[in-house]
Structure formats: structure tokens, C-alpha cells
2 protein chains.
Amino acid sequence: MAKKGQLPANFKTVLEKGDQIYQPGISVDCTIFGFHENVLKVLLLKVNHSNKWALPGGFIYKDETIEQAAYRVLNERTGVDNIFLQQFNAFGDPHRSDPTIHQNRYLEYGIKIPKGNWLLQRFITIGFYALIDFTEVDLEDAKRTEGAEWIDINKLSDLMMDHEAIVLKALEALRTQLAYLPIGRNLLPKKFTMPELQKLYETILDQKLDRRNFQRKMIGFGILNKLSETRKGGAHKAPFLYTFNDKKYQKALKEGLYGSW
Amino acid sequence: MAKKGQLPANFKTVLEKGDQIYQPGISVDCTIFGFHENVLKVLLLKVNHSNKWALPGGFIYKDETIEQAAYRVLNERTGVDNIFLQQFNAFGDPHRSDPTIHQNRYLEYGIKIPKGNWLLQRFITIGFYALIDFTEVDLEDAKRTEGAEWIDINKLSDLMMDHEAIVLKALEALRTQLAYLPIGRNLLPKKFTMPELQKLYETILDQKLDRRNFQRKMIGFGILNKLSETRKGGAHKAPFLYTFNDKKYQKALKEGLYGSW
């Protein structure tokens, strides 16, 4: 690969002193799910000069917690902030790391990472996930520097290393969460119809649900207020509008949808 | 501290070559919950020559997965095998490690761990948990070597470092699991009464439950077979016996207690 210019200062630091300023052999990776109008996407970064995509990830400073590292890395790499991240799994296959990714990044500047350098070792990564409304995130800043994009969860391809497996495991964690915790308050408009709520669940679960069962179950949770208004304008009978009952929604977030024993 | 004899070979290897054979700065710790006759305990090891207790834990070889390390470490340190371990959280406070624990272990042999040695650095630990019947584990072998004991969950004291916080977080994960997955098949006799099942839940949740609600909920899950037999011999009206319906129990383990959407 051609030499493109001088090695940036942060690249030099990571190469030469990374093992002194970061925890060795460990990283964090963030799976940010975005939902909007019945589409579920995931936030990915184009790996420079390759056709591969990567989760926003990075190293852990010696003086920060894993959680602090996850928030910092996500912000540094995508500009995204104020998202509640949940740790869900550590990924530690001994062969998951691909040293050529770091190698290629440095080769662009004509630098070959020396054998034995910490960047070329095995990394265990700790996975975090979040679910947000992707229209509320402005990726313009990020796009300029890192090529951040929202990619449809059903159109994942060419993810580097084990990042597709990480996304799928995060999706599993999200679906488990859906089974016992409320969801949707930041993903739907303030007033929504039962079909809209059902679509949210169907999109995350990637399956069709029975309309009557869903409605019965949802109303049974007691987290919704039915309004007297209806959504007008459709071809069908105008469906009723609902809002989340804030207090009961918060309670269910703590105790689970099925309440206490 | 007095010099007690020659440094064992494995201590020497860990000290001198540990950073070459293990992943640096990372460990695993296992929280093994044991239930029997309405008592919930946790498997702890007495830290040599101290009043502290520790979770069974250890390092990750460079060529093994995190899961392999957890099973190996648990077996090496307690003799326990064939337990299904679940990863639940990574603990990474920058100040969680206590280098004096390793230091004291080596000082018993008159060895001072040199400054900068990998054992004295910050460790991130990945937590696993399991719930078993503690009468099915023979700790005799373990007791001879490491002082493994089942300690009542309500009588935890003097755990080293952040191990009590790890146990409490594992308990939280177990209680969350209880809210949407079946439990008890390996913890109760094959035939059991509803009060016995309720006691299991009450013990894990550490709270009294309403008898009628509990029964209605449990029967609603459809995972129990009610037998025509009753448990005789008590002072009260003989309660009916139940067994788990294997097929439905397995289904609920996959799909959750509340079934599919």
C-alpha cells in the first residue's frame, strides 16, 4: 500500500505506548440498534480502504471503567452521546482477532507493526448494546471522519472479524429483554395506535404476531392509556390512539412486565 | 511472614511466565449458587492465611475461550464439574484489584513480587453464575486443597475485593432469569408440592409471596403436571404433588414462561 503521509500522532501513541495507557488485550464494542418507522438498523463504521464494516469499538484506558470506555469510544467514533448502553456479553474466541486489520491501517502510512506489538495480540471484547430512534442521531460529523452508517439489520454483510456474531448476540439479548421489560417509549410518537406498537415488536422479533393476542397481552400489562381519539385518514376503521402511562411504564421497567410474584 | 518452604512450580510459572501463557489483565470468577431445602448458599474459597473469602476464579490461557477458562478454573479450584455456567457481567472498576492478595501469597514463600509484574496490574474479571443443588457436589477433595465451603447467602462477610458485589450482581441476574424462565427441575425432588415450589422462589427472591397468586401464576405457565397423589404426614390438609412436564418445561426454557408473542 502507498505511503499516504505522516503517521497521525494518536496512531503513533497507540503503536508505541498503547500497552502502557490501555488495558492490554481487551476492547469494547457497541451495537447500537436504531428503529424508525418499522425498520431496524444497526450503526456501523466503514473500515478505511476496505469493503468491511465494523462496530464502533476501542480500547479501555487504564484509569477508566469498562462502561466509561464504551461511552467514550461510541462518542469519539460516531459523535453519538446520551444513549443508555447495556453490557451484554464478552466475546473471547482465541482466534477472533484479526491482526491484519491493524496492520493494514498502519501500512497506509508505510509503517509495519513490529512482531510482538500489543496491537497484534489476541483481544477479548466486551459487548454493549442500545436501542434508539435512529432519526434522533445526527451522523453528519461522524460521516466525515469515520463513515458511520445505519445499516438495515436484514442486510448485514461484510462485517469484520466476529462483529456479525456480536450483532446477532446483541439482538438475542434485545429480544430477551422484550420478553419481560417494556419498550417503545422513545421509539414511537407520543400517541400511537396498537398496530403501530405491534409493528415495533414484529420488527424487533422479525416475525408476524397475532393481532388479538398481542392486544390482549399489551393491555394486560397495564402500561398503556387508551385515548378517546382515533387516528383518522386511513382506509380502514380509524384505530384508537394510546399513550404510555409514564408511572406504570417506569414501574414495569423495574419490576418486569409481569409484575412482582 | 515466615518462609514456609520452596515456591511450588506452578507459582513460579505464574510469576515468571504468566503474562506469556495467560491473557494479561483479565480473569474469570464463578458465582455458584447452591439451593437445598430452602437455603440458598454460594460456593466460596477461604483465602490462605487470611480471614477473607473468594469466589473460585483464575486466569484465561491464551489458547482457550472465556467459557473454557471458567469451566477449567471452577473444576481446578473446587473439583466441581458438569455445571452449566452462564456469563452475566464483566467487572472493570480500575481500583477493583488488590495486589496485596497476590503479594501475600508469594510472601509466604519469602518471595516479593517485583514491581511491574503482571500479577500486580489491574484485572478486569468476567463473571459467570450457576444454580445447582448443593448436596450433589462433593467438596471433600476441594476442602483439602482450597477450603471450599457453601456459605449462606444471607451470611456473607469478609469477601475479598469486589467479590460480594459480584455475588449480588449474579443474584440480580438469577432473579431476572426467574422472571421469565422456568427453574427448579434440578433443585426439587421429582415430585413436589406447590408450597415447596413456592419456597424455592421465596428463597431466591428473599421475599414472601402470596399463596394464591403464586399458584395461579405457576399453573398458568402450563409447565406442571398435577398428580392425583398427595403428600401425607403433615399436620395440615395433605397438599397435592406435582411434577414438571418435561416437554413444556423445555419449551419454556427456550421461549420463556409467557410463551411466544
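Ordering A:Asn10, A:Asn38, A:Ala90 by Cα displacement along the dipole of segment A:1-118 toward the positive end leaves A:Asn10 in first place; charges were set at the Cβ atoms of Lys, Arg (+1) and Asp, Glu (-1). For the chain pair B and A, the buried solvent-accessible surface (1.4 Å probe, both sides summed) amounts to about 3000 Å². For segment B:65-80, a decrease in accessible area of 30 Å² or greater in the assembled protein chains relative to the isolated chain, with a 1.4 Å probe, applies to B:Thr65, B:Ile66.
Sorted shortest first, the distances from the B:Phe84 label point to those of the same residue in the other copies are 2.9 nm; each point sits 7 Å from Cα along Cα-to-Cβ.
Using a simple spin-label model with pseudo-atoms 7 Å out from Cα toward Cβ, B:Ile21 and B:Glu202 lie 5.0 nm apart. The other copies place their B:Gly220 label points at 0.6 nm from this one, listed shortest first, where each point is 7 Å from Cα along Cα→Cβ. Once both labels are positioned 7 Å from their Cα atoms along Cα-to-Cβ, the gap between A:Glu149 and B:Asn213 label points is 5.1 nm. Using a 1.4 angstrom probe on heavy atoms only, work out the carbon and sulfur share of the accessible area of the protein assembly as shown in %. Ligands and nucleic acids excluded, carbon and sulfur reach 49 percent. For segment A:203-245, a reduction of at least 40 Å² in accessible area between the chain on its own and the assembled protein chains (probe 1.4 Å) is found at A:Lys217. Each Lys or Arg adds one and each Asp or Glu subtracts one; over the other residues with Cβ under 12 Å from the Cβ of B:Ile32, this totals -3. Residues of segment A:170-189 whose accessible area (probe 1.4 Å, heavy atoms of protein chains only) drops by at least 50 Å² once all protein chains are present, relative to their chain alone: A:Tyr180.
Per residue, the accessible area of chain A comes to 52 Å² when a 1.4 Å probe rolls over the protein heavy atoms. Taking chymotrypsin sites (Phe, Trp or Tyr not before Pro) across segment A:18-118, the ones in a DSSP loop with at most 14 further Cβ atoms lying within 10 angstrom of their Cβ are A:Phe84. Placing +1 on the Cβ of every Lys and Arg and -1 on the Cβ of every Asp and Glu, with no other charges, gives the protein assembly as shown a dipole of roughly 1460 debye about its Cα centre. Assign one of three labels to segment A:116-184, namely rounded, prolate or oblate, based on the Cα gyration tensor with a ≥ b ≥ c the square roots of its eigenvalues; rounded applies when a/c is under 1.5, prolate when it is not and a/b is larger than b/c, and oblate otherwise. It is oblate, given that a/c is not under 1.5 and a/b is not larger than b/c. With label points set 7 Å from Cα along Cα→Cβ, the inter-copy distances at A:Glu164 are 4.7 nm, sorted shortest first. The lysine pair count for segment B:9-179, using Cα distances under 24 Å and pairs eight or more places apart or on different chains, is 24.
Set the Förster distance to 41 Å, then compute FRET efficiency between B:Leu7 and A:Gln86 from the Cβ-Cβ distance, nearest 0.05. The value I calculate is 0.40.
Applying 1/(1 + (r/R0)^6) with R0 = 56 Å to the Cβ-Cβ distance of B:Leu181 and A:Leu120 gives a FRET efficiency near 0.85.
Each DSSP beta bridge with both residues in segment A:9-178 is either parallel or antiparallel, and the antiparallel ones are about 65%.
Here the simple spin-label model places points 7 Å from the Cα toward Cβ, and for A:Thr135 and B:Asp93 these points are separated by 4.3 nm.
Less than 5 angstrom separates the built amide H of B:Thr125 from those of B:Ser27, B:Phe91, all sequence-distant by 5 or more or on a different chain.
The values are calculated or read from the model by the stated rules, or taken from the named source; none is laboratory data. Nothing here was measured: the structure is a model prediction, and the numbers come from that model. Positions of Cβ are backbone-derived with ideal geometry, glycine not excepted, and every protein chain shown enters the neighbour counts. What goes into the accessible areas is simple: the full protein's heavy atoms, side chains included, and nothing from ligands, DNA or RNA. Shrake-Rupley method; radii C 1.70, N 1.55, O 1.52, S 1.80 Å.
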